[in-house]
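For reference, the structure is listed below as structure tokens.
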Amino acid sequence: MALAVALRHRQIPFHIFEKDSRFDQRSQGYGLTLQQARRALRALGIVENDEDSDSVDDNDGNNNSRSSGSGKILQQHAVTSTKHVVHTPDGSICGEWGLRKWKWTGNRIKPQSSRGKNKKRRQNLHVPRQTLRYVLYEALKEASADNNDDSPDISWGHKLVDIQPVFGDIGDEDNHNGKDYSNYDDTDSDNDNDGVPLFTESIATKAKGIVKQITPLRYLHCIVILGICSLGDLFKQESTNMTRQQQKQKQIQLSALLDGETVFQTADGTTRIYLMPYSKKNNEYMWQLSFPIPDEEIALDLSRRGPKALKDEALRRCQSWHVPIPEILEATPIELVSGYPVYDRDLLTAEILSTSRRREIIPRPLTSTTGTDSASTSCSFSFLPATLLGDAAHPMSPFKGQGANQALIDALSLARILYRVHCREGRSLGDALELYEKEMMDRSSTKVRASSEAAKFLHTEIAIQKGDVTRGAAFSSSSVTKK
Ligand SMILES: Cc1cc2nc3c(=O)[nH]c(=O)nc-3n(C[C@H](O)[C@H](O)[C@H](O)COP(=O)(O)OP(=O)(O)OC[C@H]3O[C@@H](n4cnc5c(N)ncnc54)[C@H](O)[C@@H]3O)c2cc1C
């Protein structure tokens with residue numbers, strides 16, 4: 001969706017095929033922390049607030065500095081965190097950071113200087129994944145209205161099943177007359193093939209084979225259990241069988257960390273829980289509990305046993321932890337609990353992607369003008385006009401909160417490079433995709449590695465090492481100390 005917005009801004013034609021039959025087919029039940037991608041959102045025209053807008057140039061000469069409808073929706077639902085606290089299970093604080101830690105003046109945050117304004121933009125934004133999708137969908141409508149383009153751009157219920165390569169002569173990669181080279185399975189119909197012949201030995205299949213062979217999914221030896229709990233449910237549960245006085249006392253106790261702006265995590269050196277504001281409108285919190293399970297089959301088994309087993313496991317591990325952790329776990333509705341083993345994938349390289357795209361140089365005999373076969377040959381190629389972005393290119397563990405951030409930046413990067421290299425400079429589509437893939441892989445690979453490291457160190461004593469620094473920084477300093 002983000003790519004579609006960026007393409008529409010540049011008037012590059014596109015069509016989205018989405019396998020879900022409608023926007024809200026699946027619950028998209030977890031929250032995202034947006035870090036660097038806040039800037040990408042602004043370049044996509046999703047500007048939250050006129051006051052702190054800083055004229056984001058989208059690199060193609062467009063200036064997105066006015067707040068937009070999509071930006072206002074984001075602002076309504078998203079939460080900006082101003083403090084991050086780390087505890088041990090008894091509630092002792094071992095680290096704190098964030099704007100409020102450093103700028104707290106008693107009862108309010110100090111007014112920001114212009115340098116402070118930059119800091120504000122660097123704060124993390126927490127947003128339900130489904131809200132972000134909705135905001136992007138709105139941004140696409142806005143971009144279409146700006147371009148007076150009301151062409152239908154999304155086909156729901158269409159699953160990509162294969163991509164047809166383009167055949168032609170060397171140097172002719174872009175001469176494919178605007179045809180659609182993809183095959184789609186209309187998932188609304190029972191017909192698997194929808195009458196479109198699928199290529200049994202297509203390049204897409206081969207490319208998929210190569211990618212799977214070279215970069216299989218890698219189990220990261222841990223599981224995450226997720227839940228969403230509203231403060232309404234929490235307080236309701238706590239007030240049964242209590243006097244008014246006790247209720248008030250308990251609410252104060254519960255509210256200390258649940259002020260809507262604090263992110264907190266607690267760990268015991270093995271199990272870790274991370275809690276963040278999830279939705280401003282519904283006053284909800286999301287928790288993410290994780291712990292190591294060396295054997296993938298055991299992790300899969302726990303995940304398959306479903307929400308009740310997952311919630312029981314979370315409660316078993318944290319029942320004696322500090323307020324409000326057991327209370328929140330207890331008050332979380334079963335239907336809002338889920339859990340999965342964690343995976344990433346060995347890194348792809350730009351070379352693998354480009355080789356998968358343009359694989360076959362097929363010598364072909366030339367036919368002379370007299371109709372007889374000439375001894376010389378020309379070369380033809382098969383070209384797969386496709387690339388990857390987001391999780392398809394670089395799945396990573398959720399422990400650095402970078403997957404969606406990188407996916408949004410990928411989208412902007414791909415649109416910018418297509419526009420500059422292919423549309424403006426007139427270079428081939430292959431050249432543009434290669435440049436994009438190099439930038440995308442260089443940028444995201446460090447995040448994949450860091451996310452994989454975090455899957456390990458967050459389940460060790462480093463998670464509760466003393467120090468007012470992020471756990472990533474605590475890990476870096478501990479590895480420096482060890483060297
Ligand atoms: C628990 C958890 C917490 C996370 N927290 C964060 C965080 O805080 N910050 C962060 O940046 N990231 C986070 N992530 C990662 C983030 O959710 C993903 O990296 C991000 O959603 C990837 O976006 P994507 O568009 O590449 O893929 P997706 O969001 O998976 O979107 C892919 C879309 O393509 C559709 N599709 C798939 N296959 C086909 C097909 N064959 N044909 C047609 N359509 C198809 C799908 O239905 C889907 O709509 C978290 C992930 C998890 C699991």
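Just a few scattered comments:
- Any hit, the stretch 56-65, residues being at pLDDT below 90, of a type in the set (G, A, S) and in contact with a helix residue (DSSP H, G or I) (Cβ under 9 Å, 6 or more places away or on another chain): yes
- Considering residues of the stretch 410-435 that are out of contact with any Lys or Arg (no Cβ under 7 Å at 6 or more places or on another chain) and within 15 Å of the ligand (Cβ to nearest atom) only, the residue farthest from T355 (Cα to Cα): L412
- Residue within the stretch 216-235 that is within 26 Å of Y340 (Cβ to Cβ), in a loop (DSSP other than H, G, I, E, B), open to solvent by 10 Å² or more (accessible area, probe 1.4 Å) and of a type outside the set (G, A, S) present: yes
- Residues of the stretch 330-340 satisfying the condition of being assigned to a helix (DSSP H, G or I) and within 16 Å of the ligand (Cβ to nearest atom): L336
- Pairs linking a residue in the stretch 421-445 that is closer than 15 Å to E351 by Cβ to a residue that is of a type in the set (F, W, Y) and open to solvent by less than 10 Å² (accessible area, probe 1.4 Å), with Cβ atoms under 8 Å and 6 or more positions apart or on different chains, are G430/F383.
- Residue count for the stretch 309-329 satisfying the condition of being in contact (Cβ under 8 Å) with a residue 60 or more places away in the chain and not in a helix (DSSP H, G or I): 5.
- Qualifying positions in the stretch 10-36 - under 28 Å from D149 (Cβ atoms) and within 7 Å of the ligand (Cβ to nearest atom): F17, E18, K19, D20, L34
- Restricting the stretch 296-342 to residues that are in contact with a Ser or Thr (Cβ under 8 Å, 6 or more places away or on another chain) and among the β-branched types (V, I, T), the residue that is farthest from F264 (Cα to Cα): V342
The values are calculated or read from the model by the stated rules, or taken from the named source; none is laboratory data. If you're wondering where the values come from, they're calculated on a predicted model, not measured in any experiment. When we count neighbours, we look across all protein chains shown, and the Cβ atoms used for this are built from the backbone with ideal geometry, even at glycine. Quick note on the areas: whole protein, heavy atoms, side chains included, nothing else; ligands and nucleic acids left out. Shrake-Rupley method; radii C 1.70, N 1.55, O 1.52, S 1.80 Å.
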